[in-house]
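Reviewing the structure listed below.
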Amino acid sequence: MGLSDGELEAIRAIERADDTDDDLEAFFADAVQARPVREVRVEPFLIARHPLTVAQVRHWLPEYEDSFAQSDSSTARCEDDLDDLLGALPFRLPSEAEWEYAARAGTTTLTFRGDGRPDEDQVLDDFADEERTAAAENAFGLAAMGSANEICADLWIPHFEDAPLDARPRTGDGPRVVRGGGGDLSPWQGCDEWLLLLSATRDEVQDFTAVRPVAPVPASDSPSTPNSGLWSSRHRSI
């Protein structure tokens, strides 16, 4: 988990190929926020196939309004109503480690697609088109990882020093972590927004956020002998 030397070199290679819009020195200076790289043991969990849509949020918050969304099948972005939604949901937020495990889908590259620069056509914000949604899935069957900034259960701490090795969230008072966000700035303005699609990119929550719920594996589905592993635990999308 974290932004590895190999990933940093892949970004340098993109920069050397003149495939960036701006100088990336600020990004490299902030890379410490996603380091040090470490091995994390992730227990089985269920995670939503994509962030909650406007229609799904209204299932729990009937009065929910979203001026950002294009349709009821678009990703819902919550602001002042986030606490109300989290209080109503029968699910929990993913820990930051669970989110990155889900985003990487077994890979160690910049995105699950590899070390190439992501394009804006990889952003997915509406899930009415099943064919397009399916095309955006990673190897775990999860769609749109990185498109919306998704809130995690963890307190924002600008590094991984002394972070738990068992995927527990770091808790406390203060802003939480968000992951992703490449679609929140669409259409891109040429400010290297593609960096927000990277599996290891992290930030602190600011104005609004999407929610991708997580739930425990039902007891009847759990293996008789737990068999979690380093970035290899069993999971399922819901």
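The values are calculated or read from the model by the stated rules, or taken from the named source; none is laboratory data. This structure is a prediction, so every number in the text was calculated from the model and none was measured. Cβ: placed from backbone, ideal geometry, glycine included. Neighbour counts: every protein chain shown. The protein model used for the area step is the full one, side chains on, heavy atoms only, and it has no ligands, DNA or RNA in it. Shrake-Rupley method; radii C 1.70, N 1.55, O 1.52, S 1.80 Å.
Calculate what fraction, in whole %, of the accessible area of the chain sits on carbon and sulfur atoms when a 1.4 Å probe is rolled over the protein chains. Here it works out to 48 percent. So what is the 222 nm mean residue ellipticity for the chain from helices alone, if each DSSP H run of at least 4 adds -39500 (n - 2.57) and you divide by all residues, rounding to the nearest 500 deg cm²/dmol? Dividing the helical sum by the residues of the chain leaves -5000 deg cm²/dmol.
Normalising by the residue count of the chain, find the relative contact order in percent from Cα pairs under 8 Å and 6+ residues apart.
Details: 458 pairs, mean separation 76.0, N = 238.
Reported as a whole number, the value is 32 percent.
Under the Kirkwood approximation applied to all pairs of distinct alpha-carbon atoms, what is the hydrodynamic radius of the chain in Å?
Details: mean 1/r = 0.0550 Å⁻¹.
One over the average 1/r among Cα pairs gives 18.2 Å for the chain.
Per residue, the chain exposes 47 Å² of accessible surface when a 1.4 Å probe is rolled over the protein heavy atoms with every protein chain present. Placing +1 on each Lys and Arg Cβ and -1 on each Asp and Glu Cβ, with no other charges, gives the range 1-134 a dipole about its Cα centre of roughly 800 debye. Ordered by solvent-accessible area of protein heavy atoms (1.4 Å probe), largest first, the residues Thr171, Thr75 come out as Thr171, Thr75.
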